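The values are calculated or read from the model by the stated rules, or taken from the named source; none is laboratory data. Keep in mind it's a predicted model, so treat the numbers as computed, not measured. Backbone-built Cβ (ideal geometry, glycine too); neighbour counts: all protein chains shown. Ligands, DNA and RNA are excluded from the accessible area calculation, which covers all protein heavy atoms including side chains. Shrake-Rupley method; radii C 1.70, N 1.55, O 1.52, S 1.80 Å.
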Amino acid sequence: MLDTGLSRRGLFVAGAALAASFATSGCGVANGNSSDRVLEPPRANPVKLPVSTVNPDTIAARYAGRKPAGWGVDLDGITTGFAAAGTQFAVTFDACGGPGNNDIDENLLAFLQAQRIPATLFLNKRWIDANPARAGQIAANPLFEIGNHGTAHCPLSVNGRAAYEIAGTGSAQAAVDEVWGNHQRIAALTGKPPRFFRAGTAHYDAVAVAIVKDLGETPVGYSVNADFGATATAATVQSNMMKAKSGGISLAHMHRPKSGTGPGMLNALPALKANGFEFVKLP
């Protein structure tokens, strides 16, 4: 069974309309179709999960009415790097989901597999629901760790603050639901709760950061914004990735197969490896 303290208000948050224009960390309209290639066998039904000790209603009540003191992508408490052993770097990709954003860059995933490059993949609940079989195959691959990219891809706030014209969650309860709805979806998919959360647009307020931690996940940002919401050219993606430093975390997107993200990564990652970088999942 999953958490018996599940909010009776439901798991889902009403998603705000996606911005018409693209911006730095936002998710844009997909511009290509994924292939039907299957790279891994499907995962068997996950084992029964232990009952969670987290009560999302209690956490929502704890933070109700709190006024956030900060807003952005690099607040205290957001993980934007890690203590590296040697020259290590964490590659991460978001799958944002929703209308026009449920595709997948199969060539990119095939490359990661062929090169044995570990990655943390942040999947939005809408993307998982649109691709349940493929999500299960990806989750079964030990090369990848599945992170939580939210239920409706909202910036995480307690007062509705927007990023890139995407409205944020409007209360502590809405912030909890944005995290917890997909927390449970991923736990059912993988057989274990997700360890990491990245908000839609990677924006948080300070209260939302605390909420994520109390829900048992680590709020994640980035040190290298590789593809500017999958709007960058391949050359720009490659140039951005070549700025990587040991202990850093890249942000890019895996749901736009005809964007510059995949080609840029296919050039940048081997070059970084040749320069002595070791790629790791988020520790």
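Suppose all protein chains stay in the model; what accessible area per residue would a 1.4 Å probe give for the stretch 135-208, in Å²? Intermediate values should be presented prior to the final figure.
On the way: 1670 Å² over 74 residues.
For the stretch 135-208, the solvent-accessible area averages 23 Å² per residue.
Spin-label point model (7 Å from Cα, Cβ direction): what's the Asn107 to Asp129 distance in nm?
Between Asn107 and Asp129, the label points sit 3.1 nm apart.
With all protein chains present and a 1.4 Å probe, how do Lys67, Lys125 order by accessible area, largest first?
In descending accessible area the options line up as Lys67, Lys125.
Between Lys273 and Ala235, with labels modelled 7 Å along Cα→Cβ, what's the label distance in nm to one decimal, could you check?
2.6
With a 1.4 Å probe and all protein chains kept in place, how do Met254, Met242 rank by accessible area, largest first? Present the calculation step by step, with values, prior to reporting the outcome.
Details: Met254 0, Met242 75 Å².
Descending accessible area places them as Met242, Met254.
How much of the pair distance distribution for the stretch 165-235 lies past 15 Å, counting alpha-carbon pairs only, in percent? Write out the running numbers ahead of the final one.
Values: 1462 of 2485 pairs.
Cα-Cα pairs in the stretch 165-235 separated by more than 15 Å: 59 percent.
How much net charge surrounds Trp127 when only the other residues with a Cβ under 11 Å from the Cβ of Trp127 are counted, with Lys and Arg +1 and Asp and Glu -1? Could you put the intermediate results ahead of the total?
Numbers: positive: Lys125, Arg126, Arg134, Arg185; negative: Asp94, Asp103, Asp129.
Cβ neighbours under 11 Å give a net charge of +1.
How much accessible surface does Asp76 have with a 1.4 Å probe, in Å² rounded to 10?
150
Sum up the charges of everything whose Cβ sits under 15 Å from the Cβ of Asp76, counting Lys and Arg as +1 and Asp and Glu as -1, but leave Asp76 out. Write down the numbers at each step before the final one.
On the way: positive: Lys213; negative: Asp74, Asp205.
In short, -1.
Can you tell me the alpha carbon radius of gyration of the stretch 146-283 divided by the globular rule-of-thumb value 2.2 N^0.38 Å? Provide the component values of the computation, followed by the final result.
Numbers: Rg = 16.0 Å, N = 138, 2.2 N^0.38 = 14.3 Å.
That works out to 1.12 for the stretch 146-283.
If Asp214, Asp94 are ordered by their accessible area, calculated over protein heavy atoms with a 1.4 Å probe, which sequence runs from highest to lowest? If you can, show how the numbers build up before the last one.
Values: Asp214 55, Asp94 5 Å².
Correct descending sequence by accessible area is Asp214, Asp94.
Give the calculated FRET efficiency between Leu143 and Ala69 to the nearest 0.05, with a Förster radius of 41 Å applied to their Cβ-Cβ distance.
Details: r = 39 Å, r/R0 = 0.95.
For R0 = 41 Å, the calculated efficiency reads 0.60.
Pulled fully out, how much extra length does the chain show between Glu165 and Gln88, if you take 0.36 nm times their separation in residues and subtract their Cα-Cα distance?
Details: separation 77, 0.36 × 77 = 27.72 nm, distance 3.44 nm.
Extra length available between Glu165 and Gln88 comes to 24.3 nm.
Skip the ligands, DNA and RNA, and give the accessible area per residue of the stretch 220-268 with a 1.4 Å probe, whole Å².
Numbers: 1550 Å² over 49 residues.
Spelled out: the 1.4 Å probe surface of the stretch 220-268, per residue, equals 32 Å².
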